[in-house]
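The structure appears below as structure tokens.
Bear in mind these aren't lab numbers, they're just calculated from the coordinates by the rules spelled out. This one's a predicted model, so the numbers in the text were calculated from it and none came from an experiment. Cβ coordinates were reconstructed from backbone atoms using ideal geometry, including for glycine residues, and neighbour counts include every protein chain displayed.
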Amino acid sequence: MGLMNMASSASLWRGYAYFQSKKVLAIEQINESQFHGSVAGNQNHPYDVLIDIEHPRKSHCNCPLADGRRIICKHMIALYFTAFPQEAADYYKKVIAYEEEQERLAEETEARLVQCIKKMRKAELQNALIQLLEDRPDWQYDDFVDTYVDWEDDDE
Ligand SMILES: [Zn+2]
């Protein structure tokens, strides 16, 4: 498994942000598969990072999250994206495509929902509304009462 596949989505995103804001202060290629560098962190001193492309588990970083553990942290990802900028560009494209797809799905769902509501019979609508108001937040209930409840009707 590659370095990126072993990282959490949070580490990938934060690593990308670190790469973009040039937090990688130094990078050197050690051999075919290893890169060594320093990456600025929240602390005053930069972190010492080594990534191994062939054997991602041999990667290490002395930040609190990854030190002594087999975790792929954002500093490793930032170093990786600095060594392979095309991977960073591809990753960003995928994130944007995913977000656009989510947005499209949300719009499609909303359109379908409106379509379904328009087809519902009166009794179905009444049941759905009563059920909805039972689970509502208080402000929504009060708002609904203010808008729709007519106290004058009682006298009829
Ligand atoms: Zn780290």
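Tell me the trypsin sites (Lys or Arg not before Pro) within the stretch 91-134 that lie in a loop according to DSSP and have at most 11 other beta-carbon atoms within 10 Å. Don't skip to the answer; put the middle values down first.
Details: sites: Lys93, Lys94, Arg104, Arg112, Lys118, Lys119, Arg121, Lys122; in loops: Arg121.
Within the stretch 91-134, the qualifying trypsin sites (Lys or Arg not before Pro) (loop, at most 11 other Cβ atoms within 10 Å) are Arg121.
Eight or more residues apart or on different chains, and alpha-carbon atoms under 26 Å: count the Lys pairs in the chain matching that.
Going through the chain pair by pair, I get 11.
What are the GluC sites (Glu not before Pro) within the stretch 36-111 that DSSP puts in a loop, where the Cβ has at most 13 other Cβ atoms within 10 Å?
Sparse-neighbourhood loop GluC sites (Glu not before Pro): Glu54.
Tell me the relative contact order for the stretch 3-83 as a rounded percent, counting alpha carbon contacts under 8 Å between residues six or more apart.
34
According to the square roots a ≥ b ≥ c of the eigenvalues of the Cα gyration tensor, what is the shape class of the stretch 91-147, taking rounded for a/c under 1.5, prolate for a/b larger than b/c otherwise, and oblate for the remainder?
Numbers: a/c = 4.18, a/b = 1.93, b/c = 2.16.
Since a/c reaches 1.5 but b/c is at least a/b, the shape of the stretch 91-147 is classed as oblate.
Using R₀ = 35 Å, calculate the FRET efficiency as 1/(1 + (r/R₀)^6) where r is the Cβ-Cβ separation of Glu28 and Arg104; round to 0.05. Numbers along the way, then the final one.
Working: r = 43 Å, r/R0 = 1.23.
So the FRET efficiency works out to roughly 0.25.
Restricting to Cα pairs below 8 Å that are 6+ residues apart, what does the relative contact order work out to for the chain? Please round to a whole percent.
Reported as a whole number, the value is 18 percent.
The chain: D in µm²/s via Stokes-Einstein (Kirkwood Rh, Cα pairs, 25 °C, 0.890 mPa s)?
Reported coefficient: 124 µm²/s.
Select from the stretch 10-87 those trypsin sites (Lys or Arg not before Pro) which occupy a DSSP coil region and have at most 16 other Cβ atoms within 10 Å, ordered by residue number. Mind dumping the intermediate values first?
On the way: sites: Arg14, Lys22, Lys23, Arg57, Lys58, Arg69, Arg70, Lys74; in loops: Lys22, Lys23, Arg69, Arg70.
Taking the stretch 10-87 and a limit of 16 other Cβ atoms within 10 Å, the loop trypsin sites (Lys or Arg not before Pro) found are Lys22, Arg69, Arg70.
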